[in-house]
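First the structure, in the form of structure tokens, and then the observations on it.
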Amino acid sequence: MELFHRTAHELAELLRRKELSAVELCDAVLGRIEAVEPRVRAYVTVMADVAREQAKAVDARRAAGEDLPPLAGIPLAVKDNMCTVDAPTTCSSKVLEHFVAPYDATVVARARQAGCVFTGKTNLDEFAMGSSTENSAFFTTCNPWDLERAPGGSSGGSAAATAAGEAIIALGSDTGGSIRQPASFCSLVGLKPTYGRVSRYGLVAFASSLDQIGPLTKDVRDTALLMNLLAGHDPMDSTSADRPVPDLTELLGRDIRGIRIGVPKEFFAEGTDPEVANAVHAAIRQLESLGAIVGEASTPTVSYGLPTYYIIAPSEASSNLARFDGVRYGHRTSKPVADNVELYEQSRAESFGPEVQRRIMIGTYALSAGYYDAYYLKAQKVRTLLKRDFDKVFEQFDIIAWPTSPCLPFRFGERGDPLSMYMADVCTIPVNMVGIPAVSLPCGFSSGGLPIGIQLGASYFEEPKLLQVAYAYEQSAGFHARRAPLGASCGGEA
Ligand code: GLN
């Protein structure tokens, strides 16, 4: 298999044994970017020069006999809503088109420190609002499994880059599914960690009580390795959890006999694509054959997840995005304006895309005096009900299993109506609303060859057990070993 299609842990082993240099690996990935990026369009900014310097530095440190962290020399793509000092951070928005942050996000600083090689900043739905990358202000990213379809979103660029071999691993952010759904659409592993497990410092905020950063990788071991690097307390993020970080590779390979897996029946609602439901049910049977004890679970309030998310997320977004007024942050109009208010109005009207404007309006409405109690406060109360449902499920089960996405990767333009796009997140959103961790992993392909993902969830900070079960399934099922068929014309083997 071509270098760019291999996993980080395999490559790390080759690097450690000096059978491969970081520069060779970096060149292989940059070569792949050159070959396929015109078709995939995963990157807003490719950081070729930075990457080469970083790779050289890793080789020099290794040559000097230094004992390097596990992911040193591994090419990593960063979603373009995380701050980096050496490349713009655009959020795929005209608002921040030329913005270069004066500091690194904590996750970026950690990856830099660990010797990761930054391939570039990946495309997303503007300010992470969307499920397909079609809301990017710059261009749409294509799904490497079928270039006429969406890679999912909002972390579609990170997912497409990893699936196409344009990065070995990637960082995404997940507010309502933006890591897991693209992972599912691109046949990758994507983890949304427990809220507070990973620092949000330097992540451009969308909805602060829901946002989490996490990995997009080709297998579960890579997710564990990247999480080991990302997780942990950060004094710069007051919501980051001050508790020990276990080594997430430790439980990989342990058998899962006796682990109780609940299948929440409400998640297989009408409207789930039958091919998705079949693949997920087959995966659950496979988990059972590995010794897990499977039973039906119930989360009766889960149908409120989507409507309450679309109150809470836009409310928080309307507040977070108020800072982009063209004064300190954001695009400033060049048209003559009479006063400050007009400056704000004109600058914001010119630069926010339609979906972001829609959310700002919904959020401002829901937070306004007179409506706050009826919408925002009520949504927060429903959120508590949702949490209680999940707490109850976890009294009975260790893990829950259900589809990541109710549908297969869709064609561009197929979900032009915003409500139908929102519906695509029905399976992922409740997880953010309650703050638990959940992972999406490949569980098969449709008759047309499109990837399908199963979602596994666990209670707060139970990532070790979550990845233990995910790994057991992955290793027995083997779907993670397939690569997107971009074809020889794209410069590499399929
Ligand atoms: N698709 C969801 C939305 O549009 C979730 C996005 C995300 O997780 N960033 O809000």
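Any read-out appearing in this document is the output of simple, stated calculations on the displayed coordinates, not a laboratory observation. Bear in mind that the values here come from a model prediction, so they are computed numbers and not experimental data. Glycine gets a Cβ as well: all are built from the backbone with ideal geometry, and neighbour counts include every protein chain shown.
Laid out as a table, the results:
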read-out: Burial order of peptide ranges 379-386, 20-27, 154-161, 330-337 (average beta-carbon count within 10 Å, highest first); value: 154-161, 20-27, 379-386, 330-337
read-out: Computed E for Arg388/Ala60 - FRET, C-beta separation, R0 45 angstrom, nearest 0.05; value: 0.25
read-out: Global geometry of region 84-217, whether rounded, prolate or oblate, following the gyration tensor of its Cα atoms and the 1.5 cut on a/c; value: rounded
read-out: Per-bin percent of Cα-Cα distances, region 244-403 [10 Å]; value: 9, 23, 23, 20, 16, 7, 2, 0
read-out: Local electrostatic count at Phe118 - Lys and Arg +1, Asp and Glu -1, tallied over other residues with Cβ under 11 Å; value: -1
read-out: Among beta bridges that DSSP assigns inside the chain, antiparallel share in %, nearest 5; value: 65 percent
read-out: Relative contact order (%) - the chain, alpha-carbon pairs under 8 angstrom, separation at least six; value: 18 percent
read-out: Filter on Lys218/Lys265; Lys192/Lys381; Lys79/Lys465; Lys192/Lys218 - keep pairs with C-alpha separation over 18 Å; value: Lys218/Lys265; Lys192/Lys381; Lys79/Lys465
read-out: Between region 254-321 and region 50-86, the Cα center-to-center distance that results, in Å; value: 36 Å
read-out: Vicinal HN-Hα couplings computed from phi for region 171-186 (Karplus, 6.51 cos²θ - 1.76 cosθ + 1.60; Hz; Gly/Pro x); value: 9, x, 10, 9, 9, x, x, 5, 9, 6, 5, x, 4, 4, 5, 10
read-out: Share, in percent, of DSSP beta bridges within region 72-172 that are antiparallel, nearest 5; value: 10 percent
read-out: Note, ³J(HN,Hα) from phi for region 251-267, Karplus 6.51, -1.76, 1.60, rounded to Hz, x at Gly and Pro; value: 8, 5, x, 6, 6, 10, 4, x, 6, 8, 10, x, 10, x, 5, 5, 7
read-out: Nonlocal amide H pairs with Asp104, under 5 Å, H built at 1.01 Å; value: Val85
read-out: Cβ crowding within 10 Å averaged over residues, with 361-374, 200-213 ranked highest first; value: 200-213, 361-374
read-out: Dipole-positive endmost among Pro437, Leu188, Ala313 within the chain (Cβ charges, Cα centre); value: Pro437
